[in-house]
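Encoded as structure tokens, the structure appears first; notes follow it.
Nothing in this text is a laboratory measurement; each read-out follows from the coordinates by a stated rule. Please read all numbers here as calculations on a predicted model, not as lab measurements. Counting neighbours? That spans all protein chains shown, and the Cβs are built from the backbone with ideal geometry, glycine included.
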Amino acid sequence: MNQPVLALSGISKRFGAVQALSDVALDVYRGEVVALVGDNGAGKSTLIKVIAGVGPADTGEIRWEGKPVNIAKPADATHLGIATVYQDLALADNLDVVGNLYLGQERTQAGLLDEIRMEKQATELLTSLSVRIPSVRIPVAGLSGGQRQSVAIARSLLGDPKVVLLDEPTAALGVAQTAEVLDLIDTLKKRGLAVILISHNLADVKAVADRVEVLRLGKNAGSFRAGEASQEEIVQAITGALDNAVSRRKARHTEADGGDASEPA
Amino acid sequence: MNPLKNLRSGELGAWPVIIGLFVIWAVFQLLNDRFLTAQNLSNLALQVAALGTISIGIVLVLLLGEIDLSVGSVAGLGAATLAVLTIRHGWGDIAAIIAVLVLGALIGVLQGTIFAKLGVPAFVVTLAGSIGWLGLQLFLLRPEGTINLPYDGTIAKITHTNLSPAAGWIIAILAIVIYAAAVFFNRSRRLAAGLPAISLTQALIRVVGLAILIGAAVAVLNSWQGVPLALIILVGITALVDFVLKRTRYGRSIFAVGGNAEAARRAGINITAIRISVFALASLLAAFGGIMLASRGYSAGQSTGANDTTLIAIAAAVIGGVSLFGGRGSTYGALLGTVVLGSITSGMFLLQLDSSIRLMITAAVLLAAVILDALSRRGRKAHGRA
């Protein structure tokens, strides 16, 4: 395989007495969706903050397209081509879709907002991503959760990034809206972007990811091809035990129902 | 654009206020047939100039989702400073006006900095300001309490100049031509870019509608003493601030901070600078409003800008559809709201009713406006546009 666009190795970070990350490695390739999973407190958010430049690591090496780089602040990450979409989306409800897409990076002509250029480009961008929105001129307050998530992801693409970090993009969404967002992630992948996806939902992870990287207690705890690993294997890596709460619960239910509760593939 | 559908879905726009204004005008005309005369409407235009200017500043602060309770006191302090500088210290009128505007901006920077940097709620900062600047105003006016201004000075002329009929028409035609050019230029650019655009009929309706409105206003005002300069200034400020809000990155940033400050911050907008600058603009406009008050009364007194000036300015903005929660509203709305409140004052004066009645009716109109806004917001929520 060609070289990873982003490669982290030996990443460690301490918060006082807590070792949040110890010697973590993560490689991401072009056109690949990597799911980062782990229990609460496993270090997913800390790792994302390291990559996004919000909370740099204490030690460790980050390579961008093979060259060692230093990501000390969010602007460094943006400059390299790393875009982050946080869970709370950070959209201004009163502004329309175009206004939100270009917030803080408005296109101007002779010092005035070039609304026509922005609207044209916004429409083209959303169409190319197959994002369906009634009109780019309605306030985002009027959009569904999935559409809002799509707008937030589309906004991250304006800077022409190579790596997109998505923090729990489907957390608050219904079934249909989740499917919309997963379709969008597929589109990003087809465009040759590397996507790092944080999610608690293993069904979503298996549906869209190529590879699943598990973090446990701040350490790498397993790497799976999403197509080959079963959900049980991943849960086992996340909890660190063959005999865990999830498997015990499943066993109890299997006995009680007297039926087969194994996951469909 | 079906108005009934818009009502239910919460997109009322300015229509309720415009209809309300017509109702108010009709009622007063029925009660006193001098209400809709050229003379009274000219007076009305002069009356709203100062309050309208102050209210435009309030719009900016409300768009941030904040409040400025000090504008009345800043207007009063501005008037007092103007009088003290010109009469007691012999400053030239123009120099004194510039000094007062700078003073207003500095007051805004001070209040804005305490709010934006130290995190003290704007309500409290400007409440302290409203008390403190009133104190300074009274202090400056000691011992007389009132300082009269000359009838023929530049300051007096601001609100006592009427344009010649020809000048009035030239400005009217200029405004219509600029508006028409903007509408058609925008339409052709949108069509060229392959974007949905308004139809030719819609564009014509807008231009002709504005032409009728401006033409009627100029015709009426010309039939008395001509278009008052103060009205041109007020409409000019309204249009300029609206242009900055809608067409510049700065204006977009104000809406963004008012809509979601955290989103604005993450998008790289310097929200502290935006907040301080908006408070500076609001105080600057308040100080200019104070200059107009002094100009109109030929004096600066202890009650200039006092009493209910601040609250009426806020009420005018709210009646004009500016949201108290930030991110929604326009300067034209505030202008409309000011005309509504000015009409009530003017009508009450014609009917020789006490200001106690005026206050109660103003309260009723304000309440009606916010109730309508609350209902339409509920409609927006129901239609997912909250």
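Points worth noting:
- Ratio Rg/Rh [Cα only; Rh per Kirkwood] for segment A:6-229: 0.98
- Hydrodynamic radius of segment B:180-316 per Kirkwood, over alpha carbon pairs, in Å: 18.9 Å
- Evaluating 6.51 cos²θ - 1.76 cosθ + 1.60 at θ = phi - 60° for every residue in segment B:220-235, the Karplus couplings come out as 5, 5, 5, 6, 9, 10, x, 6, x, 4, 4, 5, 4, 4, 4, 5 Hz, glycine and proline recorded as x.
- Degrees, to the nearest 10: A:115-128 long Cα axis against longest axis of chain A: 30 degrees
- Counting only other chain Cβ atoms within 10 Å of each residue's Cβ, the peptide A:112-124 averages 3.
- 26 Å Cα-Cα threshold exceeded, pairs from A:K73/B:K246; A:K44/A:K162; A:K67/A:K189; A:K13/A:K190: A:K73/B:K246; A:K13/A:K190
- GNM flexibility winner over chain A from A:A25, A:A92, A:A35 (Cα, springs under 10 Å): A:A92
- Other residues within the sphere of radius under 14 Å centred on the Cβ of B:A230, judged by their own Cβ, net out at +2 (K and R +1, D and E -1).
- Within 10 Å of the Cβ of each residue in A:91-99, the mean number of Cβ atoms contributed by other protein chains is 6.
- Other-chain or far-sequence residues with amide H under 5 Å of A:G38's (modelled H): A:L215
- Computed packing ranks the peptides A:64-73, B:247-256 as B:247-256, A:64-73, most packed first, by mean other Cβ atoms within 10 Å.
- Contact order normalised by residue count of chain A, Cα under 8 Å, 6+ apart, percent: 24 percent
- Shape analysis of segment B:256-386 places it in the oblate category; the axes a ≥ b ≥ c from the Cα gyration tensor give an a/c of at least 1.5, with a/b not above b/c.
- Shielding of B:248-259 by partner chains, average beta-carbon count, 10 Å: 5
- From phi via Karplus (6.51, -1.76, 1.60), per-residue ³J(HN,Hα) for segment A:163-169 in Hz, x at Gly/Pro: 10, 10, 9, 10, 9, 6, x
- Under 5 Å, built H, 5+ apart or other chain: amide partners of A:T84: A:L165
- All Cα pairs of chain B, percent lying beyond 27 Å: 52 percent
- A helix-only calculation puts chain B at -25000 deg cm²/dmol for mean residue ellipticity at 222 nm, using -39500 (n - 2.57) for each DSSP H run of at least four residues, averaged over all residues.
- Reachable aspartates and glutamates from A:K219, criterion Cα separation under 16 angstrom, eight or more residues apart if same chain: A:D23, A:D27, A:D39, A:D58, A:E61
- Highest-MSF residue in chain B out of B:A364, B:A96, B:A286 [GNM, Cα springs under 10 Å]: B:A364
- Sparse-neighbourhood loop sites, chymotrypsin sites (Phe, Trp or Tyr not before Pro) in segment B:256-348 - DSSP loop, at most 13 other Cβ within 10 angstrom: B:F325
- In order along segment A:30-40, phi translates into HN-Hα couplings of 4, x, 10, 9, 10, 8, 9, 10, x, 6, 4 Hz, rounded to whole numbers, per the Karplus curve 6.51 cos²θ - 1.76 cosθ + 1.60 with θ = phi - 60° and x for Gly and Pro.
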